[in-house]
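Remarks on the structure that follows.
The values are calculated or read from the model by the stated rules, or taken from the named source; none is laboratory data. Just so it is clear, the structure is predicted and the values come from calculations on it, not from any experiment. When we count neighbours, we look across all protein chains shown, and the Cβ atoms used for this are built from the backbone with ideal geometry, even at glycine.
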């Protein structure tokens with residue numbers, strides 16, 4: 001049975017969205033993207049390096065295979081984020097954008113108020129907005145009301161690899177918003193991705209969890225399998241937790 | 001003889017020939033084939049008018065592209 005999900009008018013079968021930063025080389029980027037099975041990949045927008053003629057990340061991303069998701073990493077105000085996405089639109093991209101408005105350089109925690117403001121303005125301009133936000137239900141509701149296609153609460157600080165710090169909050173968000181919930185940031189290893197999916201997230205977004213591994217390509221595969229395993233476990237419905245043992249071998253017919 | 005004008009490109013002061021268009025500048029910088037978005041004095045210059053947009057003294061240009069990134 002196919003287990004696809006929808007993001008606006010796009011039907012996706014992969015539930016992993018990967019970033020393209022921090023890899024050792026473009027070859028490694030290419031191999032990790034392929035091993036992850038991702039259909040959507042994030043990119044950032046920066047000044048052109050006028051001193052280099054080297055190939056850029058765009059050379060590593062086959063636009064026929066991957067949907068580009070430009071982000072607003074490094075933006076600290078709604079105005080900066082919107083300006084960045086106007087430039088991304090001029091660069092020619094798919095309609096989806098990853099909105100992030102950072103509130104603090106040390107934690108990279110989002111400025112949720114500015115994110116909601118930016119989301120409202122971007123939706124009015126026709127952007128399809130996927131916002132990075134705190135694992136806070138009310139913020140997620142405001143972002144849903146603003147017209148965002150999904151909400152992307154963090155699991156832990158960006159690049160920290162600390163895993164799902166507050167699974168309860170993530171579950172409350174999933175139960176109480178009508179748009180897809182994608183955990184974004186904090187996934188450090190395969191089990192973290194599986195937990196996010198078991199909670200009922202529709203997808204997981206990660207970068208450093210893969211690029212920061214000793215063997216990023218192998219970790220990309222591990223993440224793909226974990227997302228798949230976690231998703232299947234969620235669909236299967238886990239057994240109820242019990243405080244005491246319950247033998248799984250028959251208790252009748254024991255030899256005496 | 002052509003005169004040169006001062007502009008700022010990605011934060012760096014540069015001299016360019018008077019009458020240079022955005023397209024010519026991108027070619028001179030070796031970016032003609034690259035996917036680059038151009039902002040001039042904080043206004044986007046759409047690709048369709050790169051060839052007809054002439055730069056003026058004091059212009060501040062931002063030339064940007066996609067780079068690897070996650071969050």
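May I ask you to list the residues in the stretch B:60-71 that are surrounded by 19 or more Cβ atoms within 10 Å (Cβ to Cβ) and either farther than 15 Å from residue A:50 by Cβ or facing chain A (nearest Cβ under 7 Å) (or both)?
Selection gives B:62, B:63, B:64, B:65, B:66, B:68, B:69, B:70, B:71.
So, in the stretch A:1-27, exactly how many residues are without any contact (Cβ under 8 Å) to a residue 40 or more places away in the chain, within 11 Å of chain B (Cβ to nearest Cβ) and either in a helix (DSSP H, G or I) or crowded, with 16+ Cβ neighbours inside 10 Å (or both)?
Residues in the stretch A:1-27 being without any contact (Cβ under 8 Å) to a residue 40 or more places away in the chain, within 11 Å of chain B (Cβ to nearest Cβ) and either in a helix (DSSP H, G or I) or crowded, with 16+ Cβ neighbours inside 10 Å (or both): 1 in total.
Of the conditions (1) away from every other protein chain (no Cβ under 13 Å); (2) touching a residue at least 12 places away in the same chain (Cβ under 8 Å), residue B:15 clears all except one; give me its number.
Of (1) away from every other protein chain (no Cβ under 13 Å); (2) touching a residue at least 12 places away in the same chain (Cβ under 8 Å), only one is false for residue B:15: (2).
Tell me, yes or no, whether the stretch A:45-53 has at least one residue that is away from chain B (no Cβ under 11 Å) and in a loop (DSSP other than H, G, I, E, B).
No - not one qualifying residue is present in the stretch A:45-53.
So which residues in the stretch A:135-165 are away from every other protein chain (no Cβ under 14 Å) and outside any loop (DSSP other than H, G, I, E, B), if there are any at all?
A:137, A:138, A:139, A:140, A:141, A:142, A:143, A:144, A:145, A:151
Looking at the stretch A:57-82, which of its residues are without any contact (Cβ under 8 Å) to a residue 24 or more places away in the chain and buried (at least 18 other Cβ atoms within 10 Å of the Cβ)?
A:58 - this is the single residue of the stretch A:57-82 that is without any contact (Cβ under 8 Å) to a residue 24 or more places away in the chain and buried (at least 18 other Cβ atoms within 10 Å of the Cβ).
Could you say which residue among A:30, A:89 is within 12 Å of chain B (Cβ to nearest Cβ) and more than 19 Å from residue A:211 (Cα to Cα)?
Result of the check over A:30, A:89: A:89.
Just for helices (runs of 4 or more DSSP H) wholly inside the stretch A:166-222: which have at least 3 residues that are away from every other protein chain (no Cβ under 14 Å)?
In the stretch A:166-222, the matching helices (runs of 4 or more DSSP H) lie at A:167-176, A:190-199.
Just give me the residues in the stretch A:60-86 being assigned to a helix (DSSP H, G or I) and within 10 Å of chain B (Cβ to nearest Cβ), in sequence order.
Selection gives A:60, A:83, A:84, A:86.
When only residues in the stretch A:112-134 that are buried (at least 17 other Cβ atoms within 10 Å of the Cβ) and within 14 Å of chain B (Cβ to nearest Cβ) count, which is nearest to residue A:83 (Cα to Cα)?
A:115
Kindly check whether there is at least one residue in the stretch B:22-37 that is facing chain A (nearest Cβ under 7 Å), assigned to a strand (DSSP E or B) and surrounded by 12 or more Cβ atoms within 10 Å (Cβ to Cβ).
yes
Can residue B:8 be described as in contact (Cβ under 8 Å) with a residue 12 or more places away in the chain, within 14 Å of chain A (Cβ to nearest Cβ) and either crowded, with 19+ Cβ neighbours inside 10 Å or not in a loop (DSSP other than H, G, I, E, B) (or both)?
When the stated conditions are applied, residue B:8 passes them.
In the stretch A:219-242, how many are modelled with pLDDT under 95 and more than 19 Å from residue A:200 (Cβ to Cβ)?
Matching residues across the stretch A:219-242 total 1.
Being touching a strand residue (DSSP E or B) at 6+ places or on another chain (Cβ under 6 Å), at the interface with chain A (Cβ under 10 Å from one of its Cβ atoms), crowded, with 17+ Cβ neighbours inside 10 Å and at pLDDT 95 or above, is that true of even one residue in the stretch B:39-52?
Yes, there is a match, as at least one residue in the stretch B:39-52 is touching a strand residue (DSSP E or B) at 6+ places or on another chain (Cβ under 6 Å), at the interface with chain A (Cβ under 10 Å from one of its Cβ atoms), crowded, with 17+ Cβ neighbours inside 10 Å and at pLDDT 95 or above.
In the stretch A:33-44, which residues are in contact (Cβ under 8 Å) with a residue 60 or more places away in the chain and within 7 Å of chain B (Cβ to nearest Cβ)?
A:42 - this is the single residue of the stretch A:33-44 that is in contact (Cβ under 8 Å) with a residue 60 or more places away in the chain and within 7 Å of chain B (Cβ to nearest Cβ).
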